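Taking it in order: structure first as structure tokens, then the write-up.
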Amino acid sequence: MKPGRKKYNDDVKEDEDRLSDLPDCVILHILSFLDTIDAVQTCILSKRWNNLWKYLPTLILSSSNKFVSRILSLRNASTPLRALHFQRHGTMYPRLLQRMIKYAVSHHVQELSINLSSDIQHFPTCLFSCHTLTSLKLVINHPTLYAGTLFPSSLNLPALATLFLESFTFPVDDDGHTEPFSAFSSLNSLIIRGCKVLDEQNLWILSATLANLTLDTGWAYNYGKIELSTPSLCTFVFVCIGGFPALKLHGIESNLSSVKHVKIDVSIASRSIDVDISLVLLNWLVELANIKSLTINHNALEVLSKVPDLLKVEFHSLCSLKSLRVKTRTPSCIPNGTFDFLLQNSPSTKVEIIDPFRAIST
């Protein structure tokens, strides 16, 4: 034994390769957590490892165009692809992107994540008719294309349960609204970040199965109104940086009565807060009448505090509220009267003041 090396078990030989004794399926599962370029480098370990990477069920790609092309060419053609995660901030050849997506679809991919900088306007149509896809994340950073990538109107993704979209533009129909998600019969979680609707028209989110919705407007809050027909919706998260959009949140038929957990996180300069914006937030709280937990940041409370005579407003919502969490670094900056207003119909609600370093319960 070399000096300094600790002998943990006298029965285990020092040169015993315990990793290579594992079944291929276990080794491949372990390698699936590595970037594919690192997984490929294990081929030098021994003859057994020489071609093992070619059977990886998951590909994590962030390397050069040439490397990605070689991986697609050399990977075992008969092995299904469970997941493909691709991220690239440099130049991405459009043909290679199309090839990669077609490869994933033809190998029955279940989870697909693409994050790249590109002015791509359309994805291959096969992506939106993949019957095995359960999770899809598309993040497109456009260097010059302000309009964003156009989201297709023809969709056939029957197994899709999780969808994350960033920097897409939704087309509108002749009635001036769009229903981009109504075709997803299994959708459970939806995250929309920095997306737009053409001509600032209404965004309709229609889904009988949607349980979790996150709307992150980024800098592109150009919806006229957001209308929800989501009878199964349980959690709603709203994030906005740089302002607070004067948009209406309206429930169709269900009246948002199914929503139980809400998080509102906004960033807006105090000088930009006016009465119209504050009334928008008030109307949201009226619509979200039956929630059990509310997480809200101090900036959103500042918006709410600008409602004229806030404590005199007739307010019958939040009767079922059990938890109120306020995110702030300076509790003293919480506007006076906002707690009293929110808790007037549920005075026994547990309140937490949350900052980056500690949580104070009251």
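Computed from the coordinates by the stated procedures, all read-outs in this text should not be read as laboratory data. These numbers were taken from a predicted model, which means no experiment stands behind them. Ideal geometry is used to build each Cβ from the backbone, glycine not excepted, and the neighbour counts take in all protein chains shown.
3J(HN,Hα) couplings calculated from phi for segment 180-189 with the Karplus curve 6.51 cos²θ - 1.76 cosθ + 1.60 (θ = phi - 60°) are, in sequence order, x, 10, 5, 7, 8, 7, 10, 5, 10, 10 Hz; Gly and Pro show x. Calculated [222 nm] ellipticity per residue, helices only, for the chain: -5000 deg cm²/dmol; basis is -39500 (n - 2.57) per DSSP H run with n ≥ 4, divided by all residues, nearest 500. Subtracting the Cα-Cα distance of Gln87 and Ser305 from their residue separation scaled by 0.36 nm leaves 74.3 nm. Charge tally for Phe164 (other residues, Cβ to Cβ under 15 Å; Lys, Arg +1; Asp, Glu -1): -1. Per-residue 3J(HN,Hα) values for segment 259-269, derived from phi via the Karplus relation 6.51 cos²θ - 1.76 cosθ + 1.60 with θ = phi - 60°, read 6, 10, 10, 10, 10, 10, 9, 10, 10, 8, 5 Hz in sequence order (x marks Gly and Pro). Across every direction, the projection of the convex hull enclosing the Cα atoms of the chain has a mean area of 24.9 nm². The gain in end-to-end length when the Ser64 to Val237 segment is fully stretched comes to 58.7 nm, 0.36 nm per residue minus the alpha carbon separation. Full extension of the chain between Val26 and Ile44 yields a length gain of 4.6 nm, computed as 0.36 nm times the residue separation minus the alpha carbon distance.
Shape class of segment 293-362 from the alpha-carbon gyration tensor: oblate, with a/c at 1.5 or above and b/c at least as large as a/b.
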